[in-house]
Structures are given as structure tokens and as C-alpha cells.
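Colleague: There's a structure below that I have some questions on.
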Amino acid sequence: MFTCTDKPLEFLPLKDGLASRQAGCLICYDGIVRGHNHGREVLALETSGAEEPCRWEAEKILQEAMGRFDILQVKCYYRKGKVPVGEMLFWIGVSAAHRDAAFSACRYVIDEIKTRFPVRKDEYYA
């Protein structure tokens with residue numbers, strides 16, 4: 001359910017395995033590095049942290065989403081290292097029979113990743 005890579009996410013088959021005959025909805029979230037933060041121009045974002053604790057916490061969050069919401073599947077990709085502005089840092093995909101459950105689960109995963117994921121983020125400014 002969770003994949004950590006140093007490769008650009010834009011070129012990976014992110015949606016593979018999410019579609020099914022039971023799914024009426026597939027929600028995808030692209031977490032993109034933005035070019036500004038608190039009025040400063042950002043050039044890139046670099047993350048650091050041990051991969052195993054990140055994987056453990058992410059899998060825990062995804063399992064929580066599976067238990068809380070009526071969804072069929074959830075996947076998350078995370079790009080480690082230095083990520084330029086405009087490229088994806090996170091990708092989350094959720095499939096469900098109905099859209100409300102998929103949207104709710106996706107929002108839950110995003111919020112929990114942002115608060116619980118054990119990484120350090122350093123921004124590079126112009």
C-alpha cells in the first residue's frame with residue numbers, strides 16, 4: 001500500500017491495481033511542491049528521515065483508513081530526497097464503491113500524513 005522512492009512520481013504507474021468491478025469511484029491526490037511559502041519563493045523541497053519508520057507510520061495510517069471508511073483500496077507513494085517545485089512529493093489513491101467514502105478516506109490520509117509522517121522537510125529559497 002505504501003511506496004517510498006527517489007524517482008519522480010509523475011512517471012510511475014500510480015493507479016495500477018486500484019480499479020475494480022466494485023469501484024464506482026477512484027480519487028487521486030497529487031501533493032505538489034509549491035513555489036512559495038510564507039511570502040518567500042521556494043525552489044525545491046528536500047525531505048530526510050529513516051525509511052523504515054516512515055514506511056511503518058504510513059502503513060499504519062493506510063490501515064486506519066481501510067478500517068474507518070468503506071473503501072476498497074488505498075495506496076500512497078512518497079518521493080524522498082530533493083524535489084523541485086512543480087513535481088509531486090506525495091500521491092494518494094483511493095478506490096471505493098461510492099465517492100463520499102473515497103473523498104473522506106483520501107482527506108484522512110492526507111491530514112494524517114502531514115501531521116504524523118516522521119520526516120524533516122527543508123525548503124530551498126531563491
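No value in this document is a laboratory result; all are computed from the given coordinates. Small disclaimer: the values here were computed from a predicted structure and weren't measured.
Colleague: So what is the relative contact order for the chain, in percent, with contacts set as C-alpha pairs under 8 Å and at least six apart?
Modeller: Numbers: 264 pairs, mean separation 51.9, N = 126.
It comes to 41 percent, rounded to a whole number.
Colleague: Which number do you get for Rg(Cα) / (2.2 N^0.38 Å) in segment 39-79?
Modeller: So segment 39-79 has a normalised radius of gyration of 1.61.
Colleague: What are the residues whose amide H is under 5 Å from the amide H of THR3, where those residues sit 5 or more places off or on another chain and H is modelled from the backbone?
Modeller: For THR3, the qualifying residues are CYS76, TYR77, TYR78.
Colleague: Taking a cut-off of 21 Å, what percent of all Cα-Cα pairs in the chain are separated by more than that?
Modeller: On the way: 3131 of 7875 pairs.
So the portion of pairs separated by more than 21 Å is 40 percent.
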